[in-house]
Amino acid sequence: MAMGTGPRISFVEIQSSKDDGRRRDAKLNHSFFGWLGLRPIFAQHTSTEHEAIRNAAAMRRTLVEIGVAEGASAIALRETMAPDGRLFLIDPYHLSRVRFLNTLRRTAQRAVRQCKRGNVVWIERFSHEVAPSWKDAIDLLLIDGAHHEQAVWRDWNDWSKFVRPGGVVIFHDARLFEGGWTNPEDGPVRVVDALFRNSRLPGWHIIQEADSVVVVERQA
Ligand SMILES: C[S@@+](CC[C@H](N)C(=O)[O-])C[C@H]1O[C@@H](n2cnc3c(N)ncnc32)[C@H](O)[C@@H]1O
């Protein structure tokens, strides 16, 4: 893995432009090249965040990710989850200009397939379409889909009720940090501030913060 200039922490080749601000090769930016394997997949998080996601996922059995993109965080989850666990990946992949090709989705599927741990279930829909019929208790929920405040509130309200005691929710882009890209007005920052910093939501508490990632646990 080449994730920024950091140490090799995954066997899937991943590149993070968030780590060191390196410019990607513009010619290969399109996910078409990721699908063909001509470039690493692009992570939208830092290697520090990648490690935090891996740690939070360790031996968890039912995991849900909202917002998959090229699959970098899905790989972090898959690498450490319980070998008999299930990882549900929710993303509508609605922005593709050539719908039948949808190279972003294909790039993600190709990348996530390279890790064989656990079982992966792809759900190609918006998170709010999936929530009403959801039944399973969740051990880990990663919220990284639509980022405007209303959407983050909706994901929290729709999905956090399924997280079992002792389970965790990971918010991405939810914290200001030195040299980072987040702002106080960003949806995830505002929601995490409202829930956990400006007040204390009963039954939940922050257990880890790493760059823009905030991990909260539902108390057992
Ligand atoms: C920031 S990217 C996810 C990055 C990814 N987690 C990673 O670390 O590489 C956001 C993704 O959320 C998806 N998305 C947008 N709205 C969504 C929704 N309502 N439900 C699920 N996914 C959504 C987009 O299609 C996009 O792929």
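Just so it is clear, none of the values below were taken in a lab; they were calculated from the coordinates. On a predicted model such as this, the values are computed, not experimentally measured, just so you know. All Cβ positions, even for glycine, are placed from backbone atoms using ideal geometry, and neighbour counts span all protein chains on display.
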Within region 83-95, how many residues turn out to be near the ligand (Cβ under 9 Å from one of its atoms) and out of contact with any strand residue (DSSP E or B) (no Cβ under 7 Å at 6 or more places or on another chain)? 5
Subset of region 123-143 (residues that are more than 18 Å from the chain's Cα centre (by Cα) and not hydrophobic (A, V, I, L, M, F, W, C)): GLU129, PRO132, SER133, LYS135, ASP136
Taking region 164-176 and keeping residues in contact with a strand residue (DSSP E or B) (Cβ under 8 Å, 6 or more places away or on another chain) and hydrophobic (A, V, I, L, M, F, W, C) leaves VAL168, VAL169, ILE170, PHE171, ALA174
Of everything in region 34-73, what is of a type outside the set (D, E, K, R) and within 7 Å of the ligand (Cβ to nearest atom)? Give them in sequence order. ALA43, GLN44, HIS45, ILE66, GLY67, VAL68, ALA69, GLY71, ALA72, SER73
Can VAL98 be described as surrounded by fewer than 13 Cβ atoms within 10 Å (Cβ to Cβ) and not acidic (Asp, Glu)? yes
Scanning region 175-220 for residues that are charged (D, E, K, R) and in a strand (DSSP E or B), which turns out farthest from LYS135 (Cα to Cα)? GLU209
Cβ-Cβ distance below 8 Å, separation of 6 or more or different chains: which pairs start in region 65-82 with a residue that is at negative phi and polar (S, T, N, Q) and end on one that is within 6 Å of the ligand (Cβ to nearest atom) and not in a loop (DSSP other than H, G, I, E, B)? SER73/ALA43
Residues of region 96-116 being more than 13 Å from the ligand (Cβ to nearest atom) and touching a His at 6+ places or on another chain (Cβ under 8 Å), in sequence order, are none
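Here is a yes/no grid of residues against (1) crowded, with 20+ Cβ neighbours inside 10 Å; (2) of a type outside the set (Lys, Arg); (3) under 27 Å from ALA82 (Cβ atoms):
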site: TRP134; (1), (2), (3): no, yes, yes
site: ILE143; (1), (2), (3): yes, yes, yes
site: GLU149; (1), (2), (3): no, yes, no
site: PHE162; (1), (2), (3): no, yes, yes
site: GLY166; (1), (2), (3): no, yes, yes
site: VAL169; (1), (2), (3): yes, yes, yes
site: ASP186; (1), (2), (3): yes, yes, no
If a residue has to be loosely packed, with under 14 Cβ neighbours inside 10 Å and in contact with a Lys or Arg (Cβ under 9 Å, 6 or more places away or on another chain) to count, how many in region 188-202 make the cut? 0
